[in-house]
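The values are calculated or read from the model by the stated rules, or taken from the named source; none is laboratory data. Computed from a prediction, not measured in an experiment: that's the story for all the values here. Don't worry about glycine lacking a Cβ; one is built from the backbone with ideal geometry, like all the others, and counts go over all protein chains shown.
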Amino acid sequence: MSEVLFSATAAAYSVACVLWLVYLRGSEAPSLARAPWVLGVGVVAHVLRDALRWAVEGIAPFAGIGPTLSTLALVIAASMLLLRRAGPRVDVLAAFALPVALGMLLGSRVSHSGGTPSGATFIVHVVANTLGVAAAIVACAVSIAYLLLERQVKAKRLGALFRRLPSLEQLETLSTRSMHVAIPALTVGIITGHVVAARAGRGAGLPWQQLFAMATWVVFVVLAVLRALGAWRGRRAMLGTLAGGAALLLTLAIYAGRG
Amino acid sequence: MARASIVVVGLSHRTAPVELREQLAVPLDSLGAAAKEIAALPGVREAMLVATCNRVEAYVASESASRSVEALRGFFARRAPGAAVGDCLYEYSDERAVRHVFRVASSLDSMVVGEPQILGQVKEAYAAADSAGALGPTLRRAISRAFSAAKRVRSETGIATGRVSVASVAVDLATQIFGTLGSRRVLLLGAGKMALGAARALVAQGAKLSVANRSYDRAVELARSRGADAHPLEDLPLLLTAVDVVVCSTGASRYVLNVDDAKAAMKVRRGRPLFVVDIAVPRNVDPRVNDLDGVYLYDVDDLEREVSRALSLRGGSLQQAEKIVDEELSAFERDRRAQAGAGPTIAALREHFRSTVRAELERSLSTKLKGLGDAERAALEAMVDAAVNKLLHAPTMALRSQAATEDGEAMAAVVRALFRLPEDDRGEEP
């Protein structure tokens, strides 16, 4: 059953993503209205699958990097559904976030599942990081949309994206709000991560992984400061967000590889 | 009752000058009364009047197309006495009339093809006629189908997505950069006609206007009539830090806005985007301004290129839209044939069976079955009626289903011949 639900989730995420991408390419797609429903089905299947796995196999949502990746994918997909409330045309941003969610979902299969997490600090660490990474991925999806739209407006080649993406201003606001969620959450994640590592006596072990996570966090904080000061806006801020997102994914990949 | 003809008589921007259209204009709150007046004309059963700034059209369902055309021509002539209305009127009946209303509602007959207002205006005309009791089943079916056709045209083609004027392209661009324009400030530099049009279009979206001109008096004059604030041209560097959109159209022969000014302004703006529309020829804005981060500069060539692109895009959608109108028209005619063809034949068939069986029953009840009591008689009558209904169920269904096809008429004729039914008058079921 768990396998069926996993396949249904992956299929639904893929189909929803393709529907939005086809729409953004300029097709007059009456089926577009179905995309949120397909994504909704995927999210429900995902919740059922993870809940079933927890109940039957005892694998909790944050038990190791594999389940955590799956939870992360679920949070990203659900965020895209909630984001629809932010205004018209915003739902098409799912076209840029769902590939990452799908990658994480598939990655959760090949990554190790550990024991059930214990200790309040560890739970806070994992939950905060999950929220922070999901918000950062949403910010990256928004940044991609912004850069594509901005390029069309700047180059005076107004294509389908021009008519189908939210306005630059709206994208900037969404990106800022996502970062306002991501940075505090990642800060809590990094602090609790150090506490957990210290308690486990791994303070001096694998320093380069922790250093990399720290560097990623610094990128986000610098970005937030530059934005707050008004030094970085628009294109530059979006490129910075993407750089931060790439560093974050690399950090995740390192941790996933470590198991 | 004879099958109703659908007739339209009217005039539009294609056939009548604006002065005549103004003379025939009917305000929204009088549409219902006008429809009622038309419905009372000789030979007219149902009516609806569509009146917009580009067209005045009377749609009627009537017993005789030629009689109603004559009555409607008289109606229009009475409303514009002394004007040569007759020369500007067009008239279509039946399939051509239905096609016309489908095209009108889909905005294929509009001055700006794809404009969204006309569908709402036809809906208002429909509601007004309905409230006044001037509509009946024939027009209701036709106009409802026109709404479906229009909806399909808008959702399945790109006819409504393109931009069609320099001003509307400027508004689209500003909207796609800033989102809503409600809290935005637009600076109008100079007083060129096209620039005024673009500024007016932006203000219509809620933007606040500032006017700067080489002649301060002229700026004050322009600002006063538009509720804007006026500035001398020397204020430009300061204004550039505050406004969101600049529309330039001065008669200057050199750049009014250069890279250094724009760079200095962007520094103060801390990255807030600036949209510059340069409609002047020769250009007022150094093209290198577009290279600055956060500045989007469009000159008149860029805007006109986009207008042409949008128009050609609509051209492609036009064929698709006409195809949808054809499909909807075929479906409507099919349904109409079904409604008109099967109804009278079925009614005649049932009447024939019922009267024959009743006659036989009456004869038996007055002779061989004379001794039956009231209860038995009633039971026997009910049984006979039920038997007739059961016997006729299959042929009724067959007639109804075939009526929508090409064979429908032939089948109805065969049934009428087989049972020697009286020739129907092709009446239309309500």
For the subset of segment B:150-166 comprising residues that are at pLDDT 80 or above and under 25 Å from B:A204 (Cβ atoms), which member is nearest to the other protein chains (Cβ to nearest Cβ)?
-> B:R154
Subset of segment B:276-306 that is under 26 Å from A:E172 (Cα atoms) and touching a residue at least 40 places away in the same chain (Cβ under 8 Å) - its residue that is farthest from the other protein chains (Cβ to nearest Cβ) | B:V277
Which residues, counting only those in segment A:75-93, are of a type in the set (A, V, I, L, M, F, W, C) and over 24 Å from A:A128 (Cβ atoms)?
-> A:V90, A:V92
Residue list for segment B:13-50, filter: surrounded by fewer than 20 Cβ atoms within 10 Å (Cβ to Cβ) and within 18 Å of the chain's Cα centre (by Cα) | B:H13, B:R14, B:A25, B:V26, B:P27, B:L28
Members of segment B:16-48 found to be modelled with pLDDT under 90, touching a strand residue (DSSP E or B) at 6+ places or on another chain (Cβ under 7 Å) and outside any helix (DSSP H, G or I), listed by number | B:A25, B:V26, B:G43
For residues in segment A:95-110 being small (G, A, S) and surrounded by 21 or more Cβ atoms within 10 Å (Cβ to Cβ), which is modelled with the lowest pLDDT?
-> A:S108
Candidates B:A230, B:A191, B:A212 - the one that is crowded, with 18+ Cβ neighbours inside 10 Å, more than 30 Å from A:R227 (Cβ to Cβ) and touching a residue at least 40 places away in the same chain (Cβ under 8 Å) = B:A191
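Are any residues in segment B:67-84 at negative phi and modelled with pLDDT under 90, and if so, which ones? Full working, then the answer.
At the first step, the residues of segment B:67-84 found to be at negative phi are B:67-81, B:83-84.
Correct list: B:A80, B:P81, B:A83, B:A84.
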Which one of these does B:S330 not meet: (1) under 30 Å from B:P395 (Cβ atoms); (2) touching a helix residue (DSSP H, G or I) at 6+ places or on another chain (Cβ under 9 Å)?
-> (2)
Go over the candidates B:Y126, B:Y59 one by one and state the one that is of a type in the set (F, W, Y) and not in a helix (DSSP H, G or I).
-> B:Y59
Check on A:G66, modelled with pLDDT of 85 or more, outside the structural domain of A:L249 (by TED's automatic domain parsing) and assigned to a helix (DSSP H, G or I) | no
Considering every residue within segment A:65-75, establish whether at least one is free of Cβ contacts under 8 Å to residues at least 24 places away in the same chain and out of contact with any Lys or Arg (no Cβ under 9 Å at 6 or more places or on another chain).
-> no
Scan segment A:216-259 for residues that are small (G, A, S) and within 19 Å of the chain's Cα centre (by Cα) and report the count.
-> 11
Of the conditions (1) modelled with pLDDT under 85; (2) in a helix (DSSP H, G or I); (3) within 16 Å of A:L131 (Cα to Cα), the single one that A:R34 does not satisfy is (3)
Hey, does segment A:177-198 have a residue that's in contact with an Asp or Glu (Cβ under 8 Å, 6 or more places away or on another chain) and either at pLDDT 90 or above or under 16 Å from A:L249 (Cα atoms) (or both)?
-> no
Wholly within segment A:145-247, helices (runs of 4 or more DSSP H) carrying at least 1 residues that are away from chain B (no Cβ under 14 Å) | A:168-199, A:207-228
What about B:S66, is it loosely packed, with under 15 Cβ neighbours inside 10 Å and farther than 16 Å from B:L11 by Cβ?
-> yes
By my count, helices (runs of 4 or more DSSP H) wholly in segment B:168-275 with at least 1 residues that are under 36 Å from the mean Cα position of the chain (by Cα) and more than 14 Å from chain A (Cβ to nearest Cβ) are B:193-204, B:216-226
Scanning for something touching a residue at least 40 places away in the same chain (Cβ under 8 Å), farther than 20 Å from B:D235 by Cα and surrounded by 14 or more Cβ atoms within 10 Å (Cβ to Cβ), does segment B:268-275 turn up at least one residue?
-> no
